[in-house]
1. How large is the helix-only mean residue ellipticity at 222 nm for the chain, computed as the sum of -39500 (n - 2.57) over DSSP H runs with n ≥ 4, divided by its residue count, in deg cm²/dmol to the nearest 500?
2. Would you mind ranking Cys103, Cys33 by Cβ crowding within 10 Å, fewest neighbours first?
3. Given bins 5 angstrom wide, list per bin the percent of all Cα-Cα distances in segment 1-91, short to long.
4. Charges at C-beta only: +1 for Lys and Arg, -1 for Asp and Glu. How large is the resulting dipole of the chain about its Cα centre, in Debye rounded to 20?
5. What are the residues whose amide H is under 5 Å from the amide H of Cys28, where those residues sit 5 or more places off or on another chain and H is modelled from the backbone?
6. Let me check I've understood the local charge: for Thr124, count other residues with C-beta under 13 angstrom from its C-beta, Lys and Arg +1, Asp and Glu -1. What total comes out?
7. With a point put 7 Å past each Cα toward its Cβ, work out how far Ala101 is from Asp19 in nm, to one decimal.
8. Calculate the spin-label point distance for Glu112 paired with Thr144, positioning each point 7 Å from the Cα along the beta-carbon direction, and give it in nanometres.
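All of the numbers you see were taken from the coordinates with simple rules; none came from a lab. Bear in mind the structure is a predicted one, so any value in this text is a computation, not a measurement. Please note: Cβ atoms are built from the backbone with ideal geometry, for glycine as well, and neighbour counts cover all protein chains shown.
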Amino acid sequence: MTDRITGGCQCGAVRYRVDAPLQNPHLCHCRMCQKAAGNYFMPLAGVARADFVVTRGEPGWFHSSAIVRRGFCRDCGTPLFFDPLDSDHIAVTLGSLDDPASCKPLSEDSVESRLPFLAEWVDTRQKVTEDDFSEDDLETIRTTNHQHPDHDTEEWPMEGDHG
């Protein structure tokens, strides 16, 4: 992998550059990532904020919980970033890289949410969500989750939800 990594959305309105090797490339199976990707999992890798810059456009942001926001292109909808607000790192979606083959996932995270018909990826570490978060963080995510539930609702957002 080169020291300068570039990527962006499908329509090109948002572009970014990473000036250091990506860290912890993984497939996340958590339900929030499934919904955010519109897929069975979301491939992600992190980088220090100091080594990351948006070079074109301005991403839209959705606060999926009180401690995480997700960046996307407002024009084409491409999911681009996973941004834990209290971290000095941000994650990019591996599919948005200009060369996605350059960053092979090394682990699968939140495997307790992996869909039963998906096989385990060969040679990847298997991690459950609780291994990466404190109980306090897990409770914060549960109690501040702004994701629409997995069923129809009469109204959204729900009363008292100010996402």
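1. Computed mean residue ellipticity for the chain: -2500 deg cm²/dmol.
2. With the sparsest Cβ surroundings first, the list reads Cys103, Cys33.
3. For segment 1-91, the pair-distance distribution reads 3, 14, 23, 28, 22, 9, 1.
4. Numbers: 15 positive and 28 negative charges, 162 e Å.
It works out to roughly 780 debye.
5. For Cys28, the qualifying residues are Met42, Leu44, Asp109.
6. Local charge sum for Thr124: 0.
7. In this crude spin-label approximation the distance works out to 2.9 nm.
8. 2.1 nm
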